[in-house]
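No value in this document is a laboratory result; all are computed from the given coordinates. Please read these numbers as outputs of a predicted model, since none were measured by experiment. Glycine also receives a Cβ, built like all others from the backbone with ideal geometry; neighbour counts cover every protein chain displayed.
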Amino acid sequence: MPSTVAIARQQDSAGLMRLVKLTVVALVFTLAQVTLLSAQDRPESFADLAERVSPAVVNITTTTTVAARLDGAPQLPEGSPFEDFFRDFFDDPNNPGGPNRPQRPRQGQALGSGFVISPDGYLVTNNHVIEGADEIMIEFFSGLELQAELVGTDPATDIALLKVDHDEDLPFVPFGDAEAARVGDWVLAVGNPLGQGFSVSAGIISARGRALQGNYDDYIQTDAAINRGNSGGPLFNMDGEVIGVNTAILSPTGGSIGIGFAMSSNVVTGVVDQLREFGSTRRGWLGVRIQNMTDEMAEAVGLDEARGAMVTEVMDGPSQEAGILAGDVILEFDGGDVADSNMLVRRVADAGVGRAVDVVVFRDGEPLTLSVTLGQRELAETASMAAPGAPAPEPEPSSYMGMELAPLTDALRVEMDLPAGLRGLVIGSVEPGSDAAEKGILPGDLITEANQQPVTSVAELRERADAARDAGRKSLLVLLRRGGDPRFVALSLED
């Protein structure tokens with residue numbers, strides 16, 4: 001007969017086995033859940049999404065009338081005995097078939113993509129798709145063809161708004177929030193690549209916040225295949241929302257190599273709303289020229305780090321009226337931090353016309369809050385500036401900080417086509433290998449300020465440099481003008 005201890009051990013062993021079995025079952029269930037979630041994160045097919053959004057995506061064909069010559073001159077091999085005869089005949093201005101022969105129009109066509117954003121027929125595409133077009137034809141996925149009218153364009157963001165009329169409501173797609181999209185998210189590009197008709201390509205978001213050349217650039221980079229003809233087409237998230245307008249590719253061959261760019265929907269929606277209401281854009285305007293901060297510039301003005309946007313010039317307008325000065329560093333705009341000049345330009349543009357906003361600037365080592373009533377950029381008058389490449393001055397120069405410098409005289413001002421009343425030091429030459437040369441300073445540049453104070457002589461420039469050294473600065477901040485364009489440069493004071 002088993003002892004009490006043996007029975008207890010058998011019971012403990014049975015309990016342990018049950019516990020092991022339950023643990024194994026739990027692990028299997030957990031692994032199944034993980035596998036299921038992984039499958040959900042990676043769609044097995046994009047077919048349902050493509051089927052849902054394709055009816056709202058359109059092919060765009062534009063027709064443009066261009067003049068063409070009646071080129072009737074035969075192509076003869078070089079050295080032909082008739083070569084001189086035919087050349088004289090067709091080059092004779094008195095000959096009806098010569099260079100003054102009549103012109104005849106011909107039709108040029110271009111292809112692109114677009115998408116419908118409302119049931120009453122508003123469509124979005126790229127400005128470069130329809131620019132200069134005499135006729136714009138829209139082909140829907142269903143085969144329906146309609147002629148479109150141009151509502152408005154914005155070359156700055158390469159966005160155009162079109163309108164078609166139809167007896168029935170049209171299929172459309174909504175915009176999504178591009179700011180909510182993350183690098184690595186799946187996206188779907190739909191369009192008319194290379195004129196081959198409706199096509200779908202899938203990929204991920206490779207990067208966000210890309211800037212190409214424009215002041216208002218905010219591109220999503222994707223590896224979804226985008227080719228010529230995809231321009232103006234939509235970039236969808238997995239909810240079927242448009243988060244970008246396919247605009248450009250980076251490619252040495254002209255075909256997709258996995259680097260495509262779509263303008264962020266957060267930029268596009270603001271442009272579209274203005275085009276729809278006004279037929280043109282109405283962007284906010286501060287009335288300043290700005291540049292990005294560098295570590296040296298930040299140190300020169302006493303800022304803890306390189307952030308914000310430095311004001312290089314204040315024009316007649318909102319900022320001048322609010323008291324903003326050249327040399328101020330804009331740290332905040334309308335309640336938000338300013339990281340760099342590109343961010344500031346976009347936020348000012350989107351802030352609206354006629355609004356009073358708070359602008360925090362860094363001046364004389366302290367933050368200062370000013371209220372600015374924004375103007376309208378499109379209506380702002382810009383002063384005409386002298387062309388770059390002004391000739392080097394001839395007055396007796398003095399050498400300082402690797403530059404030959406001379407005061408700006410009335411004669412030089414006329415010779416260089418500079419505005420009356422402008423004062424400063426003209427740079428005659430720059431010593432190769434000097435800090436000034438490395439910072440891109442060129443002969444013909446004009447120094448108007450040093451340490452945010454006017455300079456009209458080399459002696460004053462030396463005084464500003466000595467004062468900066470006495471204050472423990474490693475750099476001297478100078479304001480340069482080149483062809484009327486102002487910018488700040490931090491010159492090293494270290495020997």
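Return the tail of the calculated pair distribution for the range 202-324, meaning the percent of Cα-Cα pairs more than 20 Å apart. Here the tail beyond 20 Å accounts for 60 percent of pairs. When only Cα pairs below 8 angstrom with a gap of at least 6 residues are kept, the range 398-492 shows a relative contact order of 25 percent. 3J(HN,Hα) along the range 475-491: 9, 10, 8, 10, 9, 9, 10, 9, x, x, 9, x, 7, 8, 9, 9, 9 Hz, from the Karplus curve 6.51 cos²θ - 1.76 cosθ + 1.60 with θ = phi - 60°, whole Hz, x for Gly and Pro.
Here the dipole of the range 180-324 is about 640 debye; that uses its Cα centre as origin and unit charges on the Cβ of Lys and Arg (positive) and Asp and Glu (negative).
Each DSSP beta bridge with both residues in the range 178-265 is either parallel or antiparallel, and the antiparallel ones are about 100%.
Between beta-carbons, use under 13 Å as the cut-off and find the net charge around V430, counting Lys and Arg +1, Asp and Glu -1.
With Lys, Arg at +1 and Asp, Glu at -1, the net is -3.
Each peptide in 263-269, 407-413, 339-345, 465-471 receives the mean, over its residues, of other Cβ atoms within 10 Å, and ordering these scores from highest gives 263-269, 339-345, 407-413, 465-471. Distant-in-sequence amide contacts of V151, defined by a placed amide H-H separation under 5 Å and a gap of 5 or more residues or a different chain, comprise L161, L162, K163. For the range 284-379, a crude dipole built from +1 on the beta carbon of Lys and Arg and -1 on the beta carbon of Asp and Glu, taken about the Cα centre, is about 420 debye to the nearest 20.
When each of the peptides 120-128, 361-369 is scored by how many other beta carbons lie within 10 Å of its residues on average, the order from highest to lowest is 120-128, 361-369. Here r is the Cβ-Cβ distance between T294 and D273 and R0 is 30 Å; the resulting FRET efficiency, rounded to 0.05, is 0.25. Count Lys and Arg as plus one, Asp and Glu as minus one, and take only other residues whose Cβ is under 13 Å from that of A110; the net charge is then -2.
Show me 484-492, 276-284 ranked by packing, highest mean number of other Cβ atoms within 10 Å first.
Ranked by mean Cβ neighbours within 10 Å, highest first: 484-492, 276-284.
When only Cα pairs below 8 angstrom with a gap of at least 6 residues are kept, the range 178-265 shows a relative contact order of 28 percent.
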